[in-house]
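Data first, discussion second: the structure below is written as structure tokens.
The values are calculated or read from the model by the stated rules, or taken from the named source; none is laboratory data. The structure presented is a predicted model; accordingly, all values stated were derived computationally and were not measured. Cβ placement follows ideal geometry from the backbone for every residue including glycine, while neighbour counts extend to all protein chains displayed. Keep in mind that these areas ignore ligands, DNA and RNA; they rest on the heavy atoms of the full protein, side chains included. Shrake-Rupley method; radii C 1.70, N 1.55, O 1.52, S 1.80 Å.
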Amino acid sequence: GSVAALALSATMALAADKTIGFAQIGSESGWRAAETTVTKQQAADRGLDLRFSDAQQKQENQIAAIRSFIAQGVDAILLAPVVATGWDAVLQEAKEAEIPVVLLDRQVDSSEDLYLTAVGSNLVHEGEVAAEWLIGAVGDKPCRIVELEGTTGSSPAIDRKTGFENTLKGHDNLQVVRSQTGDFTRAQGKEVMESFLQAENGGKDICALYAHNDDMAVGAIQAIKEAGLQPGKDILIVSIDGVPDLFKAMSEAEANATVELTPNMAGPALDALDAYWKDGTMPPKFIQTESKLYTQADDPAGEYDRRKGLGY
Ligand code: AHR
């Protein structure tokens, strides 16, 4: 019973006493599944009791989960908001219950005082990085681009589109000719790409695909192969996330570039909560993660090996 040991066990008891609710979107993509795995791991490593809710991509389920977490009296709520609008009322309820909410990977249009902080990438910048890569790869040739958008109304779908379009301005040889949602899933990425291929002379008129996430790109790669074209050559492919399967596709020269999004949003989120619980430290309203571009030149086979099995 030294004082230090006593103090240590008191801190551990404190951490173990904390309960967190995680209102997750679902498991629409490999990236999303990895984020769930990492969040559970981060909570376990810190001795936190994590209550997990999978909303099956429905906002109403997320709102019900948050209300249930409030009723349970959790110490904090992690929310990955499926769409950007419609959160004011439930965030207000959490605020009145004095439960801090941390947003993960997506933004909301609610007032900043309704949440503690948001951890995520600069989603507009991701679109810019993707467009800059494509501009460099295409050069002066005319290029008809097709775009697979993420979930309609989600902040990554809105912002990744904006960043990409803004960067293409002034590069008139590059043109987005078709744009449709694939809801961030492989299955819909494939289906929508099939319709793009059909509408574009069997795909011969398409120069590049911009997919708002890797899973849709992986689905589209399948569709392109089935149409008898070579993904990564006949049609350039740039997407966002950095999931293992996309690195595998790059190592086989079937995809060209991806902008990495870390699935570890929970690490910075729980650090911010720890500091807040300890002495009321207010984090900044936005904790930004990195957006790194990877291409076929960046050892995709090695990157695949390093990532596979990490919960993806
Ligand atoms: O909000 C992040 C996005 O959501 C990821 O890029 C996508 O894969 C996921 O579904």
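Percentage of Cα-Cα pair distances in region 105-193 greater than 22 Å, rounded to whole percent?
Pairs farther apart than 22 Å: 35 percent.
Tell me, what is the per residue accessible area of the chain in Å², probe radius 1.4 Å?
Here the per-residue accessible area is 42 Å².
With each pseudo-label sitting 7 Å past Cα toward Cβ, what's the Lys141-Lys95 distance in nm, one decimal?
Label at Lys141, label at Lys95, 5.2 nm between them.
At a Förster distance of 51 Å, what's the computed FRET efficiency of Trp277 paired with Lys225, Cβ-Cβ distance as r, to 0.05?
0.50
If you find the alpha carbon centre of region 248-299 and of region 183-230, how far apart are they in angstrom?
Computed from Cα coordinates, the inter-centre distance equals 26 Å.
Under a 5 Å amide H to amide H cut-off, with H placed in plane at 1.01 Å, what residues pair with Arg51 once short-range neighbours are removed?
Hits under the 5 Å cutoff: Ile20, Gly21, Phe22.
Just order 221-229, 303-311 by mean Cβ neighbour count inside 10 Å, highest at the front, would you?
Sorting 221-229, 303-311 by mean packing, highest first, produces 221-229, 303-311.
Can you give the Rg to Rh ratio for region 179-231, taking only C-alpha atoms and Rh from Kirkwood?
Reported Rg/Rh, Kirkwood definition of Rh: 0.92.
Which value in Å is the Kirkwood Rh of region 172-312 over different Cα pairs?
In region 172-312 this quantity evaluates to 16.5 Å.
Debye sum, Cα scatterers, the chain, no solvent: what log₁₀ I/I(0) at q = 0.11 1/Å?
Here log10 of I(q) over I(0) equals -0.69.
Please state the equivalent ellipsoid semi-axes for region 78-229: what are the square roots of 5 times the Cα gyration tensor eigenvalues, largest first, in whole Å?
35, 17, 11
Sorting check: for 81-91, 134-144, 188-198, 260-270, which peptide has the highest mean count of neighbouring beta carbons within 10 Å, and how do the rest follow?
260-270, 188-198, 81-91, 134-144
Mind checking the angle between helix 3-17 and the chain's longest principal axis? C-alpha axes, 0 to 90 degrees, to the nearest 10.
Rounded to the nearest ten degrees, it is 60.
From the backbone phi of region 37-52, what are the Karplus-calculated ³J(HN,Hα) couplings (6.51 cos²θ - 1.76 cosθ + 1.60, θ = phi - 60°) in whole Hz, Gly and Pro given as x?
Once rounded to whole Hz, the list reads 4, 5, 5, 4, 5, 4, 5, 4, 4, 9, x, 8, 8, 9, 9, 10.
Can you flag which of Lys190/Lys233; Lys169/Lys308; Lys58/Lys225; Lys58/Lys285 are past 27 Å Cα-Cα?
Lys169/Lys308; Lys58/Lys225
List, in order, the whole-Hz ³J(HN,Hα) value for each residue of region 19-32 obtained from phi through the Karplus relation with A = 6.51, B = -1.76, C = 1.60 and θ = phi - 60°; use x for Gly and Pro.
Per residue, the Karplus-derived 3J(HN,Hα) values read 10, 10, x, 10, 8, 8, 5, x, 9, 5, 9, x, 4, 4 Hz.
Roll a 1.4 angstrom probe over the protein heavy atoms and tell me the percent of accessible area of the chain that is carbon or sulfur.
The value for the chain is 50 percent carbon and sulfur by accessible area.
How are the C-alpha pair distances of region 56-156 spread across 10 Å bins, as whole percents from the shortest bin up?
That works out to 14, 39, 22, 14, 8, 2, in percent per bin.
Largest first and in whole Å, what are the equivalent-ellipsoid semi-axes of region 146-236 based on the Cα gyration tensor, each being the root of 5 times an eigenvalue?
Here the semi-axes work out to 20, 17, 10 Å.
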